[in-house]
Amino acid sequence: MFDLARIATTLSTWWWLLLCLSFLFYIGLDGADLGAGVFALFAKDEQERAAIMASMAGVWDANETWLVVAGGVIFGAFPLVYGSTFNYLLIPLAFALWGIISRAIAFEFHGHATRSKKSWGLAFALGSLLAPFGAGVALGATLQGFPMQHGIALEGVAAAHASAFDAIPHFSGGPFSFLSPFSIWTGIGAVIAGGLAGGLYLCARFDHEDPIYKRAVKWTNLFSLLALGAIVITLIWSYAIFPWVSAKWTGPYWWVWLIWILFILFFAYKSMMAHSSRQDFAALLWGEGVVALMWFAMWATMFPYIVPETWTIAQAANPTDSIAVFTLFMTGFFPIMIGYNAYQIWVFRGRTTKMAAYSGH
Amino acid sequence: MHILYTPLTIGMAWILFALEVAWLRTGNERWYRLERFFEKIFIINFGAGVATGVTMEMAFGILYGPFSQAVGPFFGNILGFETITAFMYEAGFIGLMIFGWGKIGKGMHLFSTFNVGLSSTLSAFWILVANSWMQTPDGIFLKHGLFEVKNWWSAIFNENCIWGFPHMWVATIELALFVTVGASAWFILKNRNADLFTKILRPALLALLIVTPAQIWLGDGLGRTVAQTQPTSLAAMEGHYRTYLPDGKVDTGWHIIAFPNAQNTGNVFAITIPHVLSMLETHTMNGVVPGMDQFPAKDRPDVWVPFYSFRIMVTIGFFLFFVALWGNWLRLTGKLNATDLRKRPWFLRTVVFSAFLPYLAVWCGWWTREVGRQPWLVNGLMRTYQGVSHMTVGQEVFWWVGYIIFELTVWSGSWYFFSRVIAKGTDGIPHSDTLFHQDTGGKDGGEKAGGGLVKPTFAKPTLDKNV
């Protein structure tokens, strides 16, 4: 006999890893786009903004879609989390969403507009700021866990509600449950991280002689310092307020975490060195490596929870046969998606200049 | 609002693919120019479609939290399929299709265009599977508050989906074709590039001659499925309250106009033709069609919306068939050339007007479908109030205000830039010869397209100040 429970656990853990990967692609790829957008907030004129948009014209959509893929994976493999996340994180996610939509729209409309060009440029830049902030707040709030209870959250509704659907815990907090100093801080942290990624990205995409390149270099220097500070603050803060974090980090495998931190420091060092010697693409890759290492560390810290202290991976997962079907049909698409996304980035990889503005298509 | 953009994207992708094939096979520059022009309309829609689509994905979680949790084993899977096989797939190739001109080879570009078409069709398929399943939830059983799947095959290919998906897909093709011919007719009317746009009118009208009647036939098929699986929805669409007349005979009357009463128990006023309803739904003269009186009041949907939106959709369907016949009659009599067409401004105006009608039809169709299913979220299994998130008033106001502002901005922006692209016309499109340079081995200082320092290979991209 198969041990069905074990298969389910294995498969759901597999999807948890793929979810981690989707989010990582999103943060790594679109993080750079968003950061470049934050940079564009301080652009000297509309032509600079247009050039920054043009530099990502062919790829931003695919980059952003990794977020939608992550959403799809949550809905497909962990619907119980999907249904409660959005209740809890309505406000920060709505802000992130507004940011993402403004950007998407601004991309299309900036090229076509004449008089309203400035406002679309601003929508692009502000959207790029709002999206990582909202997402960062949501992430911080997620780390705090969801307030959940069985049955229906609001009194009075419960009576009218059939009991058939009460077996699943529902969100029971208020609209501002997500708000805390820590979640605000993670929002700011996300903007800083995005700003750094954006700076590295712009350095890699623009001609060395271009005014955008020159300013992006300074911007990157500033943001790498900010980012280092932000990492230290976040680590200490998480350690202080989350018992599950401190338990894991100082547990029997403390040396793994120590080695991990050394790796992160090494990657960060390589990135800064590459940046200062104008090996821009290498700097970007090392920088993305830092993001990946930290992201994996965070997920490893949360294991076996998918939402800390609220949903374990196994609790939140779909019934065995659903998750098996999902695995069977969808896993194979991941290498394909990564493949064509990579090809696409390859096609649009050339350096560009301020003159090459995003003008129609 | 999402449904206003995506159907055009889905249908138009295939038209673009057809144009690209025509261009590559015949080498006729006109097909290329047409493709590039309609591509602009396509991309505006695509942006709006993605933006509103992401909003929708989130809206499931935000507004229908308990629903999202309960239907996860099936519905969540299907939406996961959609994002992975279709959404991401499309986003990957659309960048290559739109910005790849001159950077990738012709074959690769054609492949990208094809994939955009295929993936958007897949996307429509999965969405229709999910939505149809809410109409006819097959292959599942309820366990611990979750809809677990018993039979994937019958859950995916549920009765409603078998007719519903073709009906929707053909609707996207019909919509895209009418937008294409509508825009073309506008140009001929204004006598701009009239010859160029007349050229696309021929194949498009021929395609419409097949598509418009096929759509009516598919609609009839879907209607009968609805009659069998969702009698309340059908009764609402037809304002059909009484199964039997007071004298015991079957009520076979079909209402042209009906005013349902406030208690939702009968019509205050109706204009009725006998036998037509039975003919439509059972294809017999006196077939029994269950009326609303067969169902308890708490299971009855509202009548106003499905009744009238259904009628608008059907009327438009027949009108568009008539337009297709008219256009093809002109074609047969040899009047389909720029000079003769300009002597028939009313035909051109009708065609321009027809470009807007499929939008209305699609919207009305969707309203019919969604309101007709009420008060069920998952037909017969989960009531709407069981599936919605229980939010405070403040949260709801916050969400709706933000949502509406955004949808309206997207909508008005789309139309504004839509009209602008059309006003600009095809004049700015560079000749296709400028696209694919022979590799000169980097003699002119630049490396080959796509690598290293990119020299603009065509229509040097600059900030266009006089757009």
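The values are calculated or read from the model by the stated rules, or taken from the named source; none is laboratory data. Keep in mind that this is a model prediction, so the values were computed, not measured. In this analysis, Cβ positions are derived from the backbone assuming ideal geometry, glycine residues included, and neighbour counts consider all displayed protein chains.
Exactly one of these conditions fails for A:L129: (1) within 12 Å of chain B (Cβ to nearest Cβ); (2) under 30 Å from A:K214 (Cα atoms); (3) surrounded by fewer than 24 Cβ atoms within 10 Å (Cβ to Cβ); (4) in contact (Cβ under 8 Å) with a residue 24 or more places away in the chain. Give me its number.
With (1) within 12 Å of chain B (Cβ to nearest Cβ); (2) under 30 Å from A:K214 (Cα atoms); (3) surrounded by fewer than 24 Cβ atoms within 10 Å (Cβ to Cβ); (4) in contact (Cβ under 8 Å) with a residue 24 or more places away in the chain applied to A:L129, the lone miss is (1).
Could you please find all residues in the stretch A:272-327 being of a type in the set (F, W, Y) and in contact with a Ser or Thr (Cβ under 7 Å, 6 or more places away or on another chain)?
Passing the criteria: A:W286, A:Y305.
Among the residues of the stretch A:202-218, is any more than 14 Å from chain B (Cβ to nearest Cβ) and under 26 Å from A:G140 (Cα atoms)?
no
Taking the stated definitions as given, is B:I422 of a type outside the set (F, W, Y), modelled with pLDDT of 65 or more, surrounded by fewer than 19 Cβ atoms within 10 Å (Cβ to Cβ) and in contact with a helix residue (DSSP H, G or I) (Cβ under 9 Å, 6 or more places away or on another chain)?
In short, yes.
Would you check which residues across the stretch A:328-361 are at pLDDT 75 or above, touching a Lys or Arg at 6+ places or on another chain (Cβ under 8 Å) and not β-branched (V, I, T) and list them?
The one that is at pLDDT 75 or above, touching a Lys or Arg at 6+ places or on another chain (Cβ under 8 Å) and not β-branched (V, I, T): A:F348.
Report, by residue number, each residue of the stretch A:303-327 that is assigned to a helix (DSSP H, G or I), in contact (Cβ under 8 Å) with a residue 60 or more places away in the chain and not aromatic (F, W, Y).
Answer for the stretch A:303-327, where residues must be assigned to a helix (DSSP H, G or I), in contact (Cβ under 8 Å) with a residue 60 or more places away in the chain and not aromatic (F, W, Y): A:I313, A:A314, A:Q315, A:A316, A:T320, A:I323, A:A324, A:T327.
For the stretch A:79-110, which positions are of a type outside the set (D, E, K, R), part of a helix (DSSP H, G or I), out of contact with any strand residue (DSSP E or B) (no Cβ under 9 Å at 6 or more places or on another chain) and more than 8 Å from every other protein chain (Cβ to nearest Cβ)?
Scanning the stretch A:79-110 gives A:P92, A:F95, A:A96, A:G99, A:S102, A:A106, A:H110.
Hey, which of the helices (runs of 4 or more DSSP H) in the stretch B:2-113, taking only ones fully inside, have at least 2 residues that are without any contact (Cβ under 8 Å) to a residue 60 or more places away in the chain? Walk me through it before giving the result.
Numbers: elements: B:6-26, B:29-63, B:65-70, B:77-81, B:88-99.
Ranges flagged: B:6-26, B:29-63, B:77-81, B:88-99.
Tally up the residues in the stretch A:55-69 that are more than 7 Å from chain B (Cβ to nearest Cβ), within 21 Å of A:V347 (Cβ to Cβ) and in a helix (DSSP H, G or I), please.
Looking only at the stretch A:55-69, we keep the residues that are more than 7 Å from chain B (Cβ to nearest Cβ), and these are A:55-56, A:60, A:63-64, A:66-67.
Checking the rest, the ones that are also within 21 Å of A:V347 (Cβ to Cβ) come to A:55-56, A:60, A:63-64, A:66.
Now narrow it down to the ones that are in a helix (DSSP H, G or I): A:55, A:60, A:63-64, A:66.
Here the count works out to 5.
Residues that are at the interface with chain B (Cβ under 7 Å from one of its Cβ atoms) and of a type in the set (F, W, Y): does the stretch A:70-78 have at least one?
yes
Residue-by-condition table, conditions (1) at the interface with another protein chain (Cβ under 7 Å from one of its Cβ atoms); (2) within 18 Å of B:G117 (Cβ to Cβ):
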| position | (1), (2) |
| --- | --- |
| B:I41 | no, yes |
| B:N45 | no, yes |
| B:G49 | no, yes |
| B:L63 | no, no |
| B:F67 | no, no |
| B:A70 | yes, no |
| B:T85 | yes, yes |
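Does the stretch B:169-185 contain at least one residue that is outside any helix (DSSP H, G or I), of a type in the set (S, T, N, Q), in contact with a helix residue (DSSP H, G or I) (Cβ under 7 Å, 6 or more places away or on another chain) and closer than 24 Å to B:N131 by Cβ?
no
Report the residue count in the stretch A:270-302 for those that are farther than 30 Å from A:F242 by Cβ, polar (S, T, N, Q) and in contact (Cβ under 8 Å) with a residue 60 or more places away in the chain.
0
How about the stretch B:127-145: which of its residues are surrounded by fewer than 23 Cβ atoms within 10 Å (Cβ to Cβ), within 14 Å of chain A (Cβ to nearest Cβ) and part of a helix (DSSP H, G or I)?
Residues satisfying the conditions are B:I127, B:A130.
Can you tell me which condition A:I323 does not meet? The list is (1) within 12 Å of chain B (Cβ to nearest Cβ); (2) β-branched (V, I, T); (3) under 21 Å from the mean Cα position of the chain (by Cα), and all the others hold.
The single condition A:I323 does not satisfy is (3).
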